[in-house]
Amino acid sequence: MSSKSSPPSNSHAQQLETIGFLATGIAHDFSNLLTSIVGQTSLALATLPQDNIARSHIEKAMQAAEFAAELTRQLLTYANSQDAPDELINLNQLINDNISLLNTTLLNGVSLQLDLAPNLPPIEARRAHIQQIIMNLIINAAESIEGGQGIVLLRTGRETLHENDGRFDFINSHSPYPGSYAYLQITDTGCGMTPQQMQKIFSPFYTTKPAGRGLGLSTILDIVNLYKGGIMVESQPGLGSTFCIFLPLPTHLGMMPNMSTLH
């Protein structure tokens, strides 16, 4: 049987609030530094002849700085979106709009595959929050794949939860309410996790990655709880991991016919 994570501690929200203030300040300073780096690099390129041997190296540095600036803008968007209004978001469209950025997060030899349910109803949420969920899960899945060869499968679908529904084992402190949900499911062919690791993965600053910061999954849990959704996690050492995020559909869409079944 697959290992499953236990609910986080009650101090989780306070920890993330403190982390949020710190991260926002750092992101603003980092954004200003990147603006200077991109500007100075552009000036350097403008003064170099097209056949200069250093030009290709500076162009690569420019691309890396621009990518870092985009990630920083995403962090600031998330931090500043706490008071932003919700909007209707089609998960499939959001994934397709971000597919180029998602592919840049993958390691060489890791491929991203999509299995998007047709006619998926929209959820009601803040776009930056849902982008943060998708990006963090894809990065987490890709980094778990050892040896440089593997697959990350991103699937969407629709599911209806019933009262005392025993089909799903959510790790949230409180299970989602009965109703209609859209889901995001990310499955990887990575190294998987031990039961001991599974007990800690949603704790801030806990990470199994040498260069990790342990904030991605904590952020995801915070967002899912905000929308009264649910998280399921299954993993075994050597057999990869599956994360599934349930997000409620607006009540006026709740009677639409089921278009997909969770795999």
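Observations on the model:
- Number of residues in region 152-178 that are at pLDDT 85 or above and surrounded by fewer than 16 Cβ atoms within 10 Å (Cβ to Cβ) equals 4.
- Test: His129 is more than 15 Å from the chain's Cα centre (by Cα) and of a type outside the set (Gly, Ala, Ser): no
- Count - residues of region 93-140 that are touching a residue at least 12 places away in the same chain (Cβ under 8 Å), over 28 Å from Lys228 (Cα atoms) and among the small types (Gly, Ala, Ser): 2
- Residue in region 44-52 that is surrounded by 13 or more Cβ atoms within 10 Å (Cβ to Cβ), at negative phi, in a helix (DSSP H, G or I) and not hydrophobic (A, V, I, L, M, F, W, C) present: no
- Top-ranked residue in region 182-201 [being surrounded by fewer than 22 Cβ atoms within 10 Å (Cβ to Cβ) and among the hydroxyl-bearing types (Ser, Thr, Tyr); ranked as modelled with the lowest pLDDT]: Thr194
- Among the residues making up region 141-163, a single one is assigned to a helix (DSSP H, G or I), in contact (Cβ under 8 Å) with a residue 60 or more places away in the chain and out of contact with any Asp or Glu (no Cβ under 6 Å at 6 or more places or on another chain): Glu143.
- Pairs where the first residue, in region 218-236, is at positive phi and the second is modelled with pLDDT of 90 or more, C-beta under 8 Å, 6+ apart: Lys228/Pro248
- Scanning region 202-228 for residues that are at pLDDT 85 or above, crowded, with 19+ Cβ neighbours inside 10 Å and part of a loop (DSSP other than H, G, I, E, B) gives a single hit, Tyr227.
- Looking across Leu34, Leu91, Leu76, one residue alone is surrounded by 15 or more Cβ atoms within 10 Å (Cβ to Cβ) and modelled with pLDDT of 90 or more. It is Leu91.
- Within region 112-140, the set of residues being under 19 Å from Glu87 (Cβ atoms), part of a loop (DSSP other than H, G, I, E, B) and small (Gly, Ala, Ser) is empty.
The values are calculated or read from the model by the stated rules, or taken from the named source; none is laboratory data. Bear in mind that the values here come from a model prediction, so they are computed numbers and not experimental data. Ideal geometry is used to build each Cβ from the backbone, glycine not excepted, and the neighbour counts take in all protein chains shown.
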